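S.K.: Below is one structure. I have some questions about it.
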Amino acid sequence: GQTNLKSPQDIQVYAVNTNFTLRWNYTGNDTNVTFSAEYRFEDSETNEIEWKELPGCQNVTCMECDFSSAITKYYDTHHVRIRAERKEEVSPWSSIFEMIPYFIAQIGPPGIELQSTNGVIKIKVSPPEANQVRKMWIADLRFKYNLVIWKNSSNAEFRSQRIFPTDIIDDLAPDTTYCLKVQATLPLDFQEGLFSPIRCVKTTRKAVNDLLCATNVSILALNMKFHLHWNTQYKQHVSYNVQYLIGYLKKLHDDYSVKWLNVPGCENITDTQCNFSSIITTTSGFYYLRVQAMNEYNKSCLSNEVKVDPLITNEIGPPGVKVDISDVLLHIQISPPGGSESDVMTDHYDLSYRVLYWKNSSNNEEEIKMQEIKQTIGTVSDLTPSTLYCVKVQAFSEAYNKSSRYSKEECIRTPGDKVLPLVILATFVTALFAVLLVATPLTFVLYQAYNKIKYVFFPSCQPPLNIEGFEGQLFSSPYLSTAEEPIENCSIIETIITEELNQIDFKDYKHSKQSSRDSGNYSNDDNTSGSKVSEEMLDKEIV
């Protein structure tokens, strides 16, 4: 049971695609030593976890072995161990190496094919496990390819770019040798593969530009309306076909050259522009466009391709703005870009609005204020009365880092100051209240004085007819005598009047008493005769 053999150390597994290599170190000085490995994995079907001999790693003399044939479950956990052997003598097992094949495997190098023609290099890339039965990477379409290219010289500058499986490398110097290598990646899994072997190729000279070909092909897109424009140098009759290719077809490893389609409404046209909005049926993908020029001799020429990523290529137009004034607020109504078809923009962009407003006065130093809003309705407070305010609005999308031009300025004047009328009204009410406080007691005093004067000079009760006046003189007051009458006469007159009144009252009493004894009918004869007698006696006394 005792042994002098040491256990292997530093066990590592290297995996490229489905190729697995076990490597280790051995520090012993023993000779004629071989190595054997075992493995186990949790089989989800049989639940077996027994140690088994690792195929390809039995009785090997070097310190590595290929056990690719043993790994068929790429997402299961595997354990590997190894020991040294010499005849009947074996070392203790090494420490266990644990792995999940998919997570330790590297992406292998892709295959590449090159063709130099007309000043460009055409390249075709095949996926890392092309033509293999067993594959670690099932979905070839998930691969993205990075190209590194440089001039074959001592002071070369490396240029990197993303390419499709079938692509064209342009912007190259003629008659120059270029070297390149390609790497496959899986961005979603954060995995980068090994580069392909370096390949070199010499470029050719580009043919003289054909005047028939469309040049300066460009795209103008505003509010999801897409137009293609180009120039021509051909002086004779020429017609154009605008063609497009759905972008994902370039991701395939198939030949897409026969899958170009004509844009409806842009076939056999003579204009140098085309509205291709009708082909933009989805905004999640991208498109390629090119122009095919044809002369009267059926000779044709294809322009360079331009890429259209709808939401990135499209530009946002200025929004519409309306302003209104209430008592204390400036109301701003915003219409999304696109006018009557603004729903197209709001469906694809999460738009916000940048509102600029300022006082439009002769003072150029007036501060321009800004507020950003998500809604299409905004308000501005703290307005100055009788002031012209101007507003302009810009739409922008943070997600796409896009912004529109500012809208036309809209100006409106705020109403006049209503504080002064309120002050005047408050002053008037206060003054009126003060006047009432003063006028009420004054009116009361005047009213009392008036009553006294009226009572003295214009009494409401009148004296009896028999003393209403003597010899045409009226007695308007029983308390005041006329200015012409001597005081003595007034006293005598009052005495006589008093005595006579007593006599008259006594006679009236007797008459009324006598009348009550008769038939009860009332007569004024006695009164009249009594009055006459009293008047005669009064006249005699005065004389």
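S.K.: Using 1/(1 + (r/R0)^6) with R0 = 22 angstrom and r between the beta carbons of CYS411 and SER352, what's the FRET efficiency to the nearest 0.05? Numbers along the way, then the final one.
M.R.: On the way: r = 23 Å, r/R0 = 1.07.
Approximately 0.40, to the nearest 0.05.
S.K.: For the range 320-413, what is the accessible area per residue in Å² when the probe is 1.4 Å?
M.R.: On the way: 5700 Å² over 94 residues.
Solvent-accessible surface per residue comes out at 61 Å².
S.K.: Now, a different point. Suppose the chain between LEU222 and LEU388 were pulled fully straight at 0.36 nm per residue; how much longer would it get relative to their current alpha carbon spacing?
M.R.: On the way: separation 166, 0.36 × 166 = 59.76 nm, distance 3.27 nm.
Using 0.36 nm per residue and subtracting the Cα-Cα distance, I get 56.5 nm.
S.K.: Hey, which of these cross-link pairs are over 20 Å Cα-Cα: LYS73/LYS144; LYS122/LYS202; LYS124/LYS181; LYS73/LYS135; LYS359/LYS402; LYS144/LYS259? Numbers along the way, then the final one.
M.R.: Working: LYS73/LYS144 25 Å; LYS122/LYS202 12 Å; LYS124/LYS181 12 Å; LYS73/LYS135 11 Å; LYS359/LYS402 28 Å; LYS144/LYS259 22 Å.
From the list (LYS73/LYS144; LYS122/LYS202; LYS124/LYS181; LYS73/LYS135; LYS359/LYS402; LYS144/LYS259), the Cα-Cα distance tops 20 Å for LYS73/LYS144; LYS359/LYS402; LYS144/LYS259.
S.K.: May I pose another question? Just the number, please: carbon plus sulfur as a percent of the accessible area of the range 320-413, 1.4 Å probe, no ligands or DNA/RNA counted.
M.R.: Working: 2430 of 5700 Å².
The C+S portion of the solvent-accessible surface of the range 320-413 is 43 percent.
S.K.: For LYS87, list the lysines whose Cα falls under 18 Å from its own Cα; do not include residues on the same chain fewer than 8 positions away.
M.R.: LYS6
S.K.: Going highest first, how would you order 305-313, 232-240 by mean Cβ packing within 10 Å? Could you put the intermediate results ahead of the total?
M.R.: On the way: 305-313: 16.0, 232-240: 13.9.
In decreasing order of mean packing, 305-313, 232-240 become 305-313, 232-240.
S.K.: I would also like to ask the following. For the range 9-104, what is the accessible area per residue in Å², given a 1.4 Å probe and the full set of protein chains?
M.R.: Each residue of the range 9-104 exposes 57 Å² on average to a 1.4 Å probe.
S.K.: Given a cut-off of under 8 Å on Cα pairs at least six residues apart, what relative contact order in percent is computed for the range 111-203?
M.R.: Numbers: 174 pairs, mean separation 29.8, N = 93.
Over the range 111-203, the number comes to 32 percent.
S.K.: With the full set of protein chains in place, find how many percent of the accessible area of the range 41-140 is carbon and sulfur; take the probe as 1.4 Å. Intermediate values should be presented prior to the final figure.
M.R.: Details: 2700 of 5720 Å².
About 47 percent, which is the carbon plus sulfur part of the accessible surface.
S.K.: Please list, in chain and number order, the residues 5+ apart from THR77 or on another chain whose amide H is under 5 Å from its amide H, with Hs placed from the backbone.
M.R.: Answer set, sorted by chain and number: GLU42.
S.K.: Along the Cα→Cβ direction, 7 angstrom out, place labels at SER284 and GLN375. What is the inter-label distance in nm?
M.R.: Here the modelled spin labels are 3.3 nm apart.
S.K.: Students often forget the sequence filter, so: which lysines lie under 22 Å Cα-Cα from LYS235 once same-chain residues fewer than 8 apart are removed?
M.R.: Here the lysines satisfying the reach criterion relative to LYS235 are LYS299.
The values are calculated or read from the model by the stated rules, or taken from the named source; none is laboratory data. Keep in mind the model is a prediction, meaning the values are calculated, not measured. For neighbour counting, all protein chains shown are included, and Cβ atoms are generated from backbone atoms with ideal geometry for every residue, glycine included. Ligands, DNA and RNA are excluded from the accessible area calculation, which covers all protein heavy atoms including side chains. Shrake-Rupley method; radii C 1.70, N 1.55, O 1.52, S 1.80 Å.
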